[in-house]
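A.B. asks: Quick one: structure below, then a few questions.
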Amino acid sequence: MDERISSFCVGASESFKELYRLETASLNDSNSSPIFANKYKIRGILVDQVGRAKALLTTGDTSVVLLWAYFTAKLANNFIETEEPRAEARNRLLEVVNFCESHMYLESEGNLLKFSGLMQYVYNSLAVATDVEDDNKTKSQSALFWLEKAKSVYEKFKLMFGGPEAPECWESLAASNLPPEHSCLVKSVYGNKSEKRKASELCRETLQRQLQFAPVVDELLDLYGVAKRRELREVNKNDSFAVSPSDWLINTLQRFDPKDWANNTATLSEFYAENGEFINALECLMTAKSVAYEGNQSVDNEDLGQSLSGTKLWADISWRMSEYALRLLERGSKAILGSRFTTNEDGVDTPSELYGSLFGQNTTRALHEAYGEVTKDVDLSTMIFELSHTPKAYPTAVRLFKWTCRSLSEALIYYRLDERCTEAIQLIRAHANAYAFLSIFEMDISRKCCMQKRRVDLLENLLAQLNPRFYMLACRNIMYEGAEALTALRDLNEEKMKRTAAKASPPSSSSTTDNVAEIVKLGRKVNGLGLRALNMYKQLLDSFLTPGDQSEPHLYEEEWLPIILMAHFYSARLHSKTIVTGPLANRVGELSLALKAYEKMVAIADRHAKSGYKVDMPEVEIAREMAQLTAGQIARTQLLDA
């Protein structure tokens, strides 16, 4: 062997040990500062080794090519992990692809055995390094393209050798070096809207292989890991070639990480839920929870999730479970209401494969945890059905609601409002939405009022804790949702008032006096809630005024225009429905305010339409008609008062 190559291989062997030490130290340290410090130390080692190996590529030695390509791929992933521009990582990975595909005949048995794992690693890394924007420009090298290339190499290896049996194919067993913050390949490809289905299937296959071959990886590490390599070198310190250079890659192979796998699988559930495949989404979530729990369980009888409670992983999985359950609740509520936002497909669950067909894991404990209280009469198939289908009645809806609340509470242990405010805001708003959706299934009007009251409390308390200077966008959304909740609560109390008034009572009965008192009390409550909703809408509209002269903007940002228009629309409705006593002039005053709000809404919509904005809201035409009707009502009321 060339002396230069021999010297390089000795240095590479030592570098592998140092890389392993630094990566292992990062995994065992929860403090972010040492983790990033180690990543930059790793980068220094990799840059040095890449330079040394590249100078020897002209020798044509396959071991040099293998090590150069591996060090380069590791360096590219280091750039991704430290959130540097992906172009640098992509360029280095493409350099490996171009060299190996042009100089190494990968169809041969020897080269396929040696390079198959490495090329899968490179192709998978390229999928991560590919931006979604680039996907739209270069379909020939999109994230999906690189995923398919990785799958092709894996299938060739499996066809030729009958399975991932050799250390050289370790990357077939587990893509452990991909940065966890990118959720393996799922998040990177999730934005590729034209090919989501195909990309999700590739991601699922990757996750399935990782789970299936995790025990094999452990065996490889036990056989070829750093400890074994150290023993060999102690026997003969001058012999750095006790095993082939390709086997040295095992030194940096990390064991199957259940946390990363669980996070990736939970992320994949979003795709299935978005497409109405709730059984598949449920399996992803339950498997993710089970794998994460088993990987961190220290006591056999420990409660599910106890060892992970308060961690980011558990919070993220819980958050995704809450989103999943909330999506089902929303679909069910829209189906009941017949909302105009519901399409023909919205309330229909997409047929999915049987539960367990994705990963085939035992998720019984996770299903019990999600389902809540379980009786002997409830079997697993019933649990799966109720947790994966759009609810049609209150009992099923309340089960999903409780699961949502438990999941949100678990997520909020980590995403505290005083520490991670942005995420906490989203979670609390989701909690408020859960009450809104559940109230639609409830038949008892008093209980519906309690649910809307709880929703109002959540939003008002959240708004009171936020500084508009720093969280104005969130405050505006909360104001709108809070006003909407107050309006819903007002309407429910008005319905209670009407029902009380409609109760038949004999004139001489003492209950008549009680009914009148109750009606008066409810009337005051209705007006009070209406006034609070109006003030919330006004607070929202005032937040858009120019700070200097408090003037209204000529044009609003397109994303806020619908909210502005609906705030005026609902304000008009609240004014027109205000319960008025005393002179008719009081009624005219409220109707005049309603007319002003309707006219304001129409004027804003017309002004933006003339400026090229797309204003496609049926409420605008309703407001146009209501303005005319309200004007006529004012005129008739004034005649009666004359």
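A.B. asks: Restricting to the stretch 464-483, give me the number of residues that are polar (S, T, N, Q) and in a helix (DSSP H, G or I).
C.D. replies: 1
A.B. asks: Further question: How do the pairs read when you match residues in the stretch 141-152 that are within 10 Å of Gln120 (Cα to Cα) with residues anywhere that are in a helix (DSSP H, G or I) and at pLDDT 80 or above, using Cβ under 6 Å and keeping only pairs 6 or more apart or on different chains?
C.D. replies: Once the first residue is within 10 Å of Gln120 (Cα to Cα) and sits in the stretch 141-152, its partners that are in a helix (DSSP H, G or I) and at pLDDT 80 or above give Trp146/Tyr123; Trp146/Leu126; Trp146/Ala127; Leu147/Ala127; Lys149/Tyr123; Ala150/Gln120; Ala150/Tyr123; Ala150/Asn124.
A.B. asks: Next question. Go through the stretch 615-642 residue by residue and tally those that are in contact (Cβ under 8 Å) with a residue 12 or more places away in the chain and not in a helix (DSSP H, G or I).
C.D. replies: Summing the residues that are in contact (Cβ under 8 Å) with a residue 12 or more places away in the chain and not in a helix (DSSP H, G or I) in the stretch 615-642 gives 2.
A.B. asks: Residues of the stretch 82-110 being in a helix (DSSP H, G or I) and of a type in the set (Phe, Trp, Tyr), which ones?
C.D. replies: Correct list: Phe99 only.
A.B. asks: Looking at this structure, is Glu599 in contact with a Leu (Cβ under 9 Å, 6 or more places away or on another chain), acidic (Asp, Glu) and closer than 25 Å to Asn535 by Cβ?
C.D. replies: Spelling it out, it is not the case that Glu599 is in contact with a Leu (Cβ under 9 Å, 6 or more places away or on another chain), acidic (Asp, Glu) and closer than 25 Å to Asn535 by Cβ.
A.B. asks: Need pairs with beta-carbon distance below 7 Å; first residue within 29 Å of Ala483 (Cα to Cα) and within the stretch 503-528, second of a type in the set (A, V, I, L, M) and at pLDDT 85 or above; sequence gap 6+ or separate chains.
C.D. replies: Within 7 Å, the pairs are Ile519/Met497; Ile519/Ala501; Leu522/Met497; Gly523/Met497; Gly523/Ile579; Val526/Met497; Val526/Ile579; Asn527/Ile579.
A.B. asks: While we're looking at this one, here's another question. Gly356 - would you say it is without any contact (Cβ under 8 Å) to a residue 12 or more places away in the chain and either buried (at least 16 other Cβ atoms within 10 Å of the Cβ) or out of contact with any Lys or Arg (no Cβ under 9 Å at 6 or more places or on another chain) (or both)? Lay out the reasoning, then the answer.
C.D. replies: Working: without any contact (Cβ under 8 Å) to a residue 12 or more places away in the chain: no; either buried (at least 16 other Cβ atoms within 10 Å of the Cβ) or out of contact with any Lys or Arg (no Cβ under 9 Å at 6 or more places or on another chain) (or both): yes.
No.
The values are calculated or read from the model by the stated rules, or taken from the named source; none is laboratory data. Because the structure is predicted, anything quoted here is derived from the model rather than measured. In this analysis, Cβ positions are derived from the backbone assuming ideal geometry, glycine residues included, and neighbour counts consider all displayed protein chains.
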